[in-house]
Amino acid sequence: MSDPQSTPAPLPGDRPGQTPAGQQAGTVQPFPAAGNISDAEREELRRHGILLTSLEELYNWGRTNSIWPLQFGLACCAIEMIAAATARFDIARFGAEIFRPSPRQADLMIVSGTVTKKMAPQVVRLWNQMPEPKYCIAMGACAISGGPFKQGYNVLKGIDRFIPVDIYIPGCPPRPEALLNGLMELQKQIRAETLSGPAQGRHLRPEMPSEFPVPEYGAHDLQPPKNPEVWKPTAPLSRPTKA
Amino acid sequence: METTEQIRDRLLARFPGATVTLVTNPGPAAEHSLLLGAAHAHAIALFLRDDPALQLDYCSNATGVDWPDKEIIDVKKLTVPDPAGGAPKIVEEKTKRMDPGYLEAVYHLYSMALRHGPVIIRLRTTNRSDQVTLPSLTPVWRSCDFQEREIFDLYGIVFEGHRDLRRILMWDEFKDYPMRKDYVDPDDYEWEPTPHAEVLDRAKQHYPTPPPAAQPPDGPSVASAKEGKP
């Protein structure tokens, strides 16, 4: 019989035969550990009912679970976005059900659909009006690159020509599950942001711009047609030639 | 419903000075149309709408067509007598002439009251550059309003008598007519993996040719590998 002082008393949730907390820490690991406490020690404390956290974790936890999207849709992808908000898919499970009709209260811009050149200045203006921290999801092929309408006379070749995009969701249109997956990826990204250091969030870095120039209507195209500060064209693929 | 020919004959009898031409459609749909002269178009449209036998009270579609300038080569065969006394030669003389293009507005008319249609009418501008005015049929059929604006926006036909002729899809500052055949789109192309050779060729002008591919890294060649395993 073991000494009751050396091993902790089993908590109600524990099952006999479970691996010790130290070995389990690799799987149950919601946040990176703060300070000098190892993950194993923290998990041990949690089993005793002591929650240890840091401001950073708490901050990210709150932000992650209340990403309020801006309520606007551009094309058919918006229908899928609406479907993601209905009870069947229920974006509320991820804390993002509160679609805000005002950019001042929104954290996330879901660019859902084709961005026409006529609409692009308004989209950029909405983005500029959103307060930091803010994130952008390009939903669907059109928002990413113009999609099937690329090279059209009134189609912008991707919203990332004017504003920075955090998550790209391919699909035409993407199913609601894909949007939810994109949201979860965004949550991962937010969780990984730190208050200081190299992984600092974009909104905490003073050199990162929050507002972007709104393009103007020109005689033949938008002026400028793209923002070179934001949009870096892909380098052409170079395949090794056969000797 | 009357055939298109019958409608044309009635129109010519009713409007003696008007030009009404039958434009046949050789396809299996055989949807023939009536080409109306711009001068009488408005009066004819009113007649088509109010005639008790037709009652074409609904314009379901108005669209534009661009017919660009065509270069036509006329071939004339001339027989030239051979001065040496042989058989006369046949020489082809080719002359080029330009067939001026024009813009068209096409209207598809139905009758809700008598449940028939469509009757298709066309209006043609004189050319594609400066004489592009046509009478608006919006006063006759209210549903032409936005569609005539769209034709104005994309083809550049000016509809006289339209109450609110502005661009509808493109912004007001836009100068081109994107649906015309000679529209030149803005030149922003970059590299993309595309199967469209036209796009790829234009994109290639915008990126430098990629550097020659690096030599494969030095490793055990096939020959040496074979030597190692006798």
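For the peptide B:119-125, the mean number of other protein chain Cβ atoms found within 10 angstrom of a residue's Cβ is 0. Each Cα pair under 8 Å and six or more residues apart adds its separation to the average, and for segment B:57-139 the resulting relative contact order is 31 percent.
How much of the accessible area of the protein assembly as shown, in percent, comes from carbon and sulfur atoms when a 1.4 Å probe is used? Accessible surface attributable to carbon and sulfur in the protein assembly as shown totals 57 percent.
Work through the residues other than B:Arg8 whose Cβ is under 13 Å from its Cβ and net out their charges, Lys, Arg +1 and Asp, Glu -1.
Values: positive: B:Arg10, B:Arg14, B:Arg122; negative: B:Glu2, B:Glu5, B:Asp9.
Surrounding charge for B:Arg8 is 0.
Sorted on the mean count of surrounding Cβ atoms within 10 Å across their residues, most packed first, peptides A:74-86, B:73-85, B:2-14 read A:74-86, B:2-14, B:73-85. Let me know the shape class of segment B:83-145, please: from the alpha-carbon gyration tensor, a ≥ b ≥ c as square roots of the eigenvalues, rounded when a/c is under 1.5, otherwise prolate if a/b is greater than b/c, or oblate. Here segment B:83-145 falls in the oblate category. Rolling a 1.4 angstrom probe over the protein heavy atoms with all chains in place gives the protein assembly as shown an accessible area of 58 Å² per residue.
Between helix B:144-154 and chain B, what is the angle of the helix's C-alpha long axis to the longest principal axis, kept within 0 to 90° and rounded to the nearest 10? Roughly 40 degrees between the two axes.
Taking both sides together, what accessible area is buried at the A/B interface, probe 1.4 Å, expressed in Å² and rounded to the nearest 100?
Looking at A and B, the buried total is near 2200 Å².
Just list whichever of A:Lys118/A:Lys150; A:Lys150/A:Lys188; B:Lys70/B:Lys175; A:Lys117/B:Lys204 have alpha carbons separated by over 19 Å in the model shown.
Check vs 19 Å cut-off fails for A:Lys150/A:Lys188; B:Lys70/B:Lys175; A:Lys117/B:Lys204.
Where the alpha-carbon atoms of segment A:44-133 are placed on the principal axes, they occupy 58, 32, 17 Å, in descending order.
Which shape class, rounded, prolate or oblate, goes with chain B when its Cα gyration tensor gives a ≥ b ≥ c as root eigenvalues, a/c under 1.5 marks rounded, and past that a/b bigger than b/c marks prolate?
Note, shape of chain B comes out oblate.
Net charge near B:Asp164, counting Lys/Arg +1 and Asp/Glu -1 over other residues with Cβ under 14 Å of its Cβ? Taking every Cβ under 14 Å from that of B:Asp164, the sum is -1.
Distance from the alpha carbon centroid of segment A:75-148 to that of segment B:93-156 works out to 39 angstrom.
For segment B:181-197, heavy-atom accessible area (probe 1.4 Å) falls by no less than 30 Å² from the chain alone to the full protein assembly at B:Pro186, B:Asp188, B:Glu190, B:Trp191, B:Glu192.
Here segment A:28-164 carries DSSP beta bridges of which approximately 10% are antiparallel, counting only pairs with both residues inside. By the gyration tensor of its Cα atoms, with a ≥ b ≥ c the square roots of the eigenvalues, what is the shape of segment A:97-200: rounded for a/c under 1.5, prolate for a/b over b/c, or oblate? Judged from the Cα gyration tensor, segment A:97-200 comes out prolate (a/c at least 1.5, a/b above b/c).
The values are calculated or read from the model by the stated rules, or taken from the named source; none is laboratory data. Note that the coordinates shown come from a computational prediction; the quantities given were computed from them, not determined experimentally. All Cβ positions, even for glycine, are placed from backbone atoms using ideal geometry, and neighbour counts span all protein chains on display. We work out accessible area using only protein heavy atoms, side chains counted, and drop any ligands, DNA or RNA first. Shrake-Rupley method; radii C 1.70, N 1.55, O 1.52, S 1.80 Å.
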